[in-house]
Amino acid sequence: MIKTSRTIYQRIYSWALMMVARKLQIAGYIVVMLFLTHSFLLSITSTVLMLFLGDFVSMSISTDNVRASLKPDTFDMRRLFGVSGFLGLLM
């Protein structure tokens, strides 16, 4: 039971990491394009569609093979936002 719960935690953590990174990617793209072109390059419909399709990719992460940690884990929100912010910038 403990091993299963730690595996679930790892999946939730990777899902949260990618979700925050994708949201930062989209927000950053919109802001940069707004400053460069002084207009929105994405319509509201295409933005919603991009967010919706990105969620399917994030859901597929939950089926990956993760390893349970040997000790109890806790959410470190600074680390989560730091890593996902870095990934969002890379995307």
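Here is the figure for the stretch 15-36: residues that are free of Cβ contacts under 8 Å to residues at least 40 places away in the same chain and open to solvent by 60 Å² or more (accessible area, probe 1.4 Å) total 6. Right, residue 12: among the hydrophobic types (A, V, I, L, M, F, W, C), modelled with pLDDT of 80 or more, open to solvent by 60 Å² or more (accessible area, probe 1.4 Å) and out of contact with any strand residue (DSSP E or B) (no Cβ under 6 Å at 6 or more places or on another chain) or not? When the stated conditions are applied, residue 12 passes them.
Residue count for the stretch 37-56 under the criterion of being surrounded by 12 or more Cβ atoms within 10 Å (Cβ to Cβ) and not in a helix (DSSP H, G or I): the result is 3.
The values are calculated or read from the model by the stated rules, or taken from the named source; none is laboratory data. Note that the structure is a prediction, hence the values are computed from the model and not measured. Cβ atoms come from the backbone with ideal geometry, glycine included; neighbour counts cover every protein chain shown. Ligands, DNA and RNA are stripped out before the accessible areas are found, and what is left, the full protein with its side chains, is counted by its heavy atoms. Shrake-Rupley method; radii C 1.70, N 1.55, O 1.52, S 1.80 Å.
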